[in-house]
Each structure stands twice: as structure tokens, then as C-alpha cells.
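> The structure is given below, and queries will be raised subsequently.
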Amino acid sequence: MVSVHSEAQGNRKSSTHAKHTVLLKGGSMESRLHVKSSQMKNPSQCKLTRVTLLSPLGKIQAAGCGNGVHYIQLQEDAVPAERNEMASFACVVCEGQEGMTAQLQLCTEWLQAYFCNPRTIEKLPLPALHHPIFQEATFTSRVLQTLLRDVKFGETVSYKHLAEMAGNSKAVRAVGGAMRRNPIPLLVPCHRVISCNGEIGNYMGGKGNHLKQWLLTHEKL
């Protein structure tokens, strides 16, 4: 059996609607993905609030509605900050501070902790995830939720093992597809999924491989 390498639902129906809850636990961290079916709208139907952070990976944009985070976007052409043992990284909000929803605020605080004080992130609450992909009863959704729940900071997992963890050992290619479809990178850590031979694999269609390497190195320190 391939193991995770360390480096450092049921539906409840009522007369009016169905409630879908996914419980995510990890150490002292616990988070719920909790959305009523009446709230399951396409992104275009939600009123999105956006925030931009200036991070060691350049500008990062996150967007969400009152129900949760919809996406996080990285710049594939960003030049990552150089590492200096004498200096710490900064991650600050540069746009969208006003009017930020509670869930987007949680996302922002998590991202800031990830870059500036990463060993604390397991103790932080996760924001709710409201992108439709997380409400679908699909293998992609199950893979992403498994990755979020079970592969922690400083760990990596192979595509093959993640397929096994998600319940279908033969669906290695589907796992790769799920990583490409992940709308919330960093928070849902697709950068921690690597090839069985130890190669890091592609990130952002191969255009962000330098970012993936930076993230994996960041989590080793």
C-alpha cells in the first residue's frame, strides 16, 4: 500500500429542502461544509465579493458570497519571493478589505497564516466552500473533499494513493482531472499531489510548476 508521506453524505431530507453537510476534521481543526439545497446556486447567481492579497506568490484573488468561498486564483506567471532565513514573508490585503463577507474573512485569515505562520493553520477554522463542485455527488467532489480532509500541511500524496483514499484505486486519471478542476487551490491543497515516482507533476496546466515547487518547499521548512 502506498502511504501518505510526511515531510517536516448522508443527506437529511425535510419537507422543504435537503441539507448537505460534510464534516472535515484534522487534529484540532474541524470545519463543516454546510449548504442548504435552496442555496445551491451557480456562481453567476451569487453576489460575489472579491478580495486581493499581495503574497509571496504575487497577487492572489479570492471570491465568495455570504454562504462561502467560490474560488481562489493564482497568477501563473508570478515570480515567487526568494527565501531569506532572516526575513519572514508577508501577505496583506491590497484590495477589497471593505465589505468582505465573514466566510471570505476566514479565507483571508487562513491564507495570511499559511504564508506568514503556517504551523498555525491546522488550528484555524476553514471557511465554508460554496463553489457548486463541492455540492455535486461526483468522484471529483469526493476527491477534493478527501484531499482537504486527509492530506495535511507538510505531507504529499500520489495521484494513485489519493484515488484509493477516495474509493476508486483505478481512477488515477480522474484524480488528475479533479486537480485541474479544483477552484480553490491552497485551501484545497492540490499542490500536495505528486507522481508515484516522486516528480511533482503539473500545476495549473504545467504553467505553474514553479509555484508548486515553491509551495512544497515552503511546507518542508
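A short reminder: the numbers here are calculations on the coordinates, not readings from a lab. For clarity, every value in this text was computed on a predicted model and none was experimentally measured. Neighbour counts are summed over all protein chains in view; Cβ atoms, including those assigned to glycine, are modelled from backbone coordinates with ideal geometry.
> So the label point goes 7 Å from the Cα of Arg83 along Cα→C-beta, right? Which residues of the range 198-216 then have their backbone N under 20 Å from it?
Residues 198-203, 208-216 qualify, since their backbone N sits under 20 Å from the label point.
> In percent, how large is the relative contact order of the range 148-204, given Cα pairs closer than 8 Å and 6 or more residues apart?
Reported relative contact order: 38 percent.
> Something else about it: At 7 Å along Cα-to-Cβ for each site, give me the label-to-label distance between Glu122 and Lys47 in nm.
A separation of 3.9 nm, rounded to one decimal place.
> Still on this structure, I have one more. Which FRET efficiency value, to the nearest 0.05, is calculated for Gln73 and Gln97 with the Förster distance at 25 angstrom and r the Cβ-Cβ distance? Show your work: numbers first, answer last.
Numbers: r = 18 Å, r/R0 = 0.71.
Calculated transfer efficiency: 0.90.
> Here is a further query. Per-residue counts of other Cβ atoms within 10 Å, averaged by peptide: what ranking do you get for 74-81, 63-70, highest first?
Final packing ranking: 63-70, 74-81.
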